1. Based on the Cβ-Cβ distance of residue 55 and residue 3, what FRET efficiency does E = 1/(1 + (r/R0)^6) give at R0 = 22 Å, to the nearest 0.05?
2. Taking every pair of alpha-carbon atoms in region 65-137, give the share separated by more than 20 Å as a whole percent.
3. On full extension of the chain, what length is gained from residue 111 through residue 179, given 0.36 nm per residue of separation minus the C-alpha to C-alpha distance?
4. How many Å³ per residue does the convex hull of the Cα positions in the chain occupy?
5. Charges on Cβ only, +1 for Lys and Arg, -1 for Asp and Glu, centred on the Cα centroid of region 141-192; of 166, 191, 149, which one is farthest towards the dipole's positive end?
6. If r is the Cβ-Cβ distance from residue 13 to residue 121 and R0 is 22 Å, what FRET efficiency results, to the nearest 0.05?
7. Given R₀ = 22 Å, FRET efficiency for residue 42-residue 64 by Cβ-Cβ distance, to 0.05?
8. Going by alpha carbons, how many degrees (0 to 90, nearest 10) lie between the helix axis of 82-91 and the longest principal axis of the chain?
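What follows is calculated from the coordinates using simple rules that are stated; it is not laboratory data. In this text the structure is predicted, and so the values were computed from the model without any measurement. Positions of Cβ are backbone-derived with ideal geometry, glycine not excepted, and every protein chain shown enters the neighbour counts.
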Amino acid sequence: MIAKLTGTVDEILDDSIIIDVNGVGYQVYATSSLLQGSAVGAPISVCIEHIIKQDAQFLCGFQSKEEAGVFKVLLNVHGIGVRSALSILSTLSISEIATAVATQDASMLSRVSGIGKKTAARILLELKDKTLSVLKDVNYQSNETLNDAILGLISLGYSRNSVVPLLQKISQELGVNAETNDLIRQALKEIR
């Protein structure tokens, strides 16, 4: 199995890049952020998830082990394939995926092209009870603190759709040491 590739970007395609490693070109399917951050002729090193299907093989490249871990978690959801998982990671950050799972917010996942309401609900249902250690290990505001702040604002009568993006922004501004009360206090200032 291939776990990592280090080489030079030979070509950038719509959904993949060709990485030249000592004269051998590997086609690596990637997220939009990896594709946009690549330049032909530039050195590159990516974590690889080697997916073997009955009728095809995919080398999927990621900028971090965390991103590759979330990709593997998404592939375990019934009906989510390589392209759908890459599309989710191209549209949402790991922290946004973690927040969507923690708050069971299907509308956030529905923003992804090709993911409808039913598929988003299935993803949330299947990931709800699983231990998403990959998502919890991300250096980001703890899911519990953010989730508590979201639930607190919802209990005050604010809609989930309005508080989730606001609290995500505030939690990034205040940093990982912010308490639930800090998040709620700042959100109430910005809502009014």
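1. Working: r = 23 Å, r/R0 = 1.05.
With R0 = 22 Å, the Cβ-Cβ based efficiency is 0.40.
2. 13
3. 21.6 nm
4. Working: hull volume 25.6 nm³, N = 192.
In the chain, the Cα convex hull volume per residue is 133 Å³.
5. 191
6. Efficiency, rounded to the nearest 0.05: 0.10.
7. Working: r = 18 Å, r/R0 = 0.82.
That gives a FRET efficiency of 0.75.
8. 50
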